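The structure under discussion appears below in the form of structure tokens.
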Amino acid sequence: MYYLRLLTAFIRLSAQEEMAYRANFFISLLHALLNLGTGALGMIVLFGQVKTIQGWNLTSSLVLLGVYLTLQALRGLFIGPSLETLAGVDGEVWTGRLDFIVLRPVNIQFLASLRYWRLFALIDLLLGAGVLGVAIAQLHQSLTFPDLLEFLIALIASTLILYAVLLFFAGLVFWSPGFLFTWVFNGLFQMARYPVGLYPGWARLVLTWIVPVGIMTTIPAEAISGRLPIAVLAGSVLLAVLLAIGASIVFQVGLRRYASASS
């Protein structure tokens, strides 16, 4: 209950900060529409030239785009803001402001992960859900409860994988504060809006087994299309748990290297 009250306070304070400037809403709306437009236009141009790519057609690829937009919205809502404040440009590790976090009587990973929320990312979340709804309607198949349940489980697993990867990169900053690992991830994550089969073999290897952004979008998209084996779904959940544990260990070990601003 203590951490739940803290989380509620974080959300309330973040909402007050964002509502202080009305322009933030329109900027966020414009950014969300541009992101949706570029992704959808890329799909339309691509599948205007070919019918299918590695078993993916325009409709199934729109499902994947909807999953990508949803994950990007969840990242912008509660995963990215805190971790980027910690490890981004002029971040707390680089400037020494992390001193104010490590001295508090609260779990440091909890504070580093959930202090800041960007509630205008809910706009992106609605647009992502809208793309999913349109794509599902074009599948011309009825979604059963097991299909929806598999999709939700796969989406939760993908969100946990996304958090684990970002936490891992944030932990690496303790070893090299001047290197912006999150920028590397941003470039790779942009590639997840398209089917992994679109890329050459070496890129598929990177996007699947090294930085698994392809898994994050592909597995939920296949689940909602009704073609995801249960074994693959179970494997994605296991992978998410293992990555989360590993990323937490890297973060905790890296935290011990932090020397504080006064050292």
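What Kirkwood hydrodynamic radius do you get for segment 63-146 when you take the inverse of the mean 1/r over all pairs of distinct Cα atoms, in Å?
14.9
Which whole-Hz couplings ³J(HN,Hα) result when phi for each residue of segment 34-49 is put into the Karplus expression 6.51 cos²θ - 1.76 cosθ + 1.60, θ = phi - 60°, listed in order with x for Gly and Pro?
5, 4, 5, x, 5, x, 5, 5, x, 5, 5, 5, 4, 7, x, 9
With +1 on each Lys and Arg Cβ and -1 on each Asp and Glu Cβ, and nothing else charged, work out how big the dipole of segment 1-105 is about its Cα centre, in Debye to the nearest 20.
The calculation lands at about 300 debye.
Using helices alone, I'd like the mean residue ellipticity at 222 nm for the chain: each DSSP H run of four-plus residues gives -39500 (n - 2.57), total over residue count, nearest 500.
-22500 deg cm²/dmol
Quick check: residue separation of residue 231 and residue 148 times 0.36 nm, minus the Cα distance between them. What number comes out in nm?
28.2 nm
Select from 225, 176, 158 the residue whose mean-square fluctuation is largest in a Gaussian network model of the chain (Cα-Cα springs shorter than 10 Å).
176
What order do you get for 59-68, 213-222, 24-33, 120-129 when each peptide is scored by the mean count of other beta carbon atoms within 10 Å, highest first?
Descending packing order for the listed peptides: 213-222, 59-68, 120-129, 24-33.
Under unit Cβ charges (Lys, Arg +1; Asp, Glu -1), what dipole magnitude, rounded to 20 debye, does the chain have relative to its Cα centre?
Charge dipole, the chain, about its Cα centre: 180 debye, nearest 20.
By per-residue mean of other Cβ atoms within 10 Å, what is the highest-first order of 192-201, 78-87, 43-52?
Packing order, densest peptide first, comes out as 78-87, 192-201, 43-52.
For the chain, what relative contact order do you get, as a whole percent, if you take Cα pairs closer than 8 Å and at least 6 residues apart?
Computed over the chain, the figure is 27 percent.
Take the chain, connect every pair of alpha-carbon atoms lying under 10 Å apart with a spring to form a Gaussian network, then pick out the residue of 226, 55, 91 with the largest mean-square fluctuation.
55
Under the 0.36 nm per residue contour assumption, what length would be gained going from the current alpha-carbon distance of residue 17 and residue 205 to full extension?
63.6 nm
Rounding to the nearest 10 and keeping the result within 0 to 90°, find how far the Cα-based axis of helix 145-172 lies from the longest principal axis of the chain.
40
Using θ = phi - 60° and the Karplus curve 6.51 cos²θ - 1.76 cosθ + 1.60, what whole-Hz ³J(HN,Hα) does each residue of segment 110-122 get, with Gly and Pro shown as x?
Each residue of segment 110-122 in turn: 4, 5, 5, 9, 10, 5, 10, 10, 10, 5, 5, 5, 4 Hz.
Of 184, 47, 143, which is farthest on the positive side of the dipole of the chain, counting Cα position, with +1 on Lys and Arg Cβ, -1 on Asp and Glu Cβ, and the Cα centre as origin?
184
Mind checking which of 174, 72, 233 is farthest towards the positive end of the chain's charge dipole, using Cβ charges of +1 (Lys, Arg) and -1 (Asp, Glu) about the Cα centre?
Going by the charge dipole, the pick is 174.
Rank by packing, highest mean first: peptides 100-110, 244-254, with packing defined as the count of other Cβ atoms within 10 Å averaged across residues.
Descending mean neighbour count gives 244-254, 100-110.
For segment 2-255, what is the largest minus smallest coordinate of the Cα atoms on each principal axis, given in angstrom and ordered from greatest to least?
56, 40, 35
No value in this document is a laboratory result; all are computed from the given coordinates. The structure presented is a predicted model; accordingly, all values stated were derived computationally and were not measured. Neighbour counts run over all protein chains shown; Cβ positions are idealised from the backbone, glycine included.
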